[in-house]
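Read through the structure below, which is laid out as structure tokens, and then see the notes.
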Amino acid sequence: MYTPAHFRLEDRAKLTAVIAANSFATVTTQGANGLTASHLPFLYDEAAGPHGTLYTHLARANGQWRDFTGSVEALVIFQGEHGYISPTWYADHAATQHVPTWNYEAVHAYGSPQVIEEEERTIGLLERTIRRYEPAGSTYSVRSHSAEFLAKMTQAIVAFEIPVARLEGKFKLSQNRTREELAGVIAALEFSGDAASLRLAAAMLRENQA
């Protein structure tokens, strides 16, 4: 990922916060059929290994799992807050030439995917995924299904883990702008009132605090 120094993010807590808040991510691999990408909900265990471990599953009919040899690296992309920045939002736009840009947060996780073969581990991963995403108070459990149904279900998916070898982060949030320019962009985003713009404005405020 192209990352100028002023946008590079190395703060572990901020990196993992983006992963936690944006856990539906894109995993890409290079295999016999070229580049392949899948969009999946990930669980992240920060304590499992030096850089944590990612866990998820995909349909067995999705042939990407055949790339998971344990020796080929994958890239998982987590997209945080993002949005269009108009040049008209800078206070001096009438006198100084500016161009549009896009502000965003992104975290890239690299590692070699490994298939989880054991049925009980697969069921455990499904249960943890349900607990992570089910609405509060839900009593649904994967283990409420019959053993026969569970066996069919686990055969129809491939669970896998990615021990993270390294994390890269980029927060492009107007750190290269003057205080006046930054204030103008944040004010315009807040004025728009939509949820995505408000979240982006809040992220810019956090990252640019003196």
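Taken together, the values in this text are just the output of simple stated rules run on the coordinates, not laboratory data. Keep in mind it's a predicted model, so treat the numbers as computed, not measured. Here Cβ is always computed from backbone atoms with ideal geometry, including for glycine, and neighbour counts include all displayed protein chains.
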- For region 118-164 the chymotrypsin sites (Phe, Trp or Tyr not before Pro) that pass both the DSSP coil test and the at-most-15 other-Cβ-within-10 Å test are 140
- Query: Rounded, prolate or oblate: which fits region 42-166, taking a ≥ b ≥ c as square roots of the Cα gyration tensor eigenvalues, rounded meaning a/c under 1.5, else prolate when a/b beats b/c?
  - Reply: prolate
- Note on the structure: The base-10 log of I(q)/I(0) that the Debye equation returns for region 60-115 at q = 0.18 Å⁻¹, one scatterer per C-alpha, is -0.73
- Task: Distance between Cα centroids, region 55-77 to region 145-198: provide it in whole Å.
- Result: 20 Å
- Query: What is the fewest-to-most order of 122, 69, 3 by other Cβ atoms lying within 10 Å of their Cβ?
  - Reply: 69, 3, 122
- Message: Looking at the chain, I'd like the Rg to Rh ratio, where Rg is from alpha-carbon atoms and Rh is Kirkwood's inverse mean 1/r.
- Response: 1.07
- Task: Among 53, 15, 36, pick out the residue whose Cα is farthest towards the positive end of the charge dipole of region 1-71, where Lys and Arg carry +1 and Asp and Glu carry -1 on C-beta, about the Cα centre.
- Result: 36
- Message: Checking the cross-link filter: which lysines have an alpha carbon closer than 23 Å to that of residue 14, excluding same-chain neighbours under 8 positions apart?
- Response: 170, 172
- Size of the dipole of the chain about the Cα centre, Lys and Arg at +1 and Asp and Glu at -1 on the beta carbon, nothing else charged, in debye to 20? 60 debye
- Magnitude of the charge dipole, region 167-210, Cβ model with Lys/Arg +1 and Asp/Glu -1, debye to 20: 120 debye
- Item | Exposed-loop-free span, longest in the chain, where GluC sites (Glu not before Pro) count as exposed if DSSP calls them loop and at most 15 other C-beta atoms lie within 10 Å | 119-210
- Can you run phi through the Karplus equation (6.51, -1.76, 1.60; θ = phi - 60°) for region 37-42 and list ³J(HN,Hα) in whole Hz, with x for Gly and Pro? 9, 9, 10, 9, x, 10
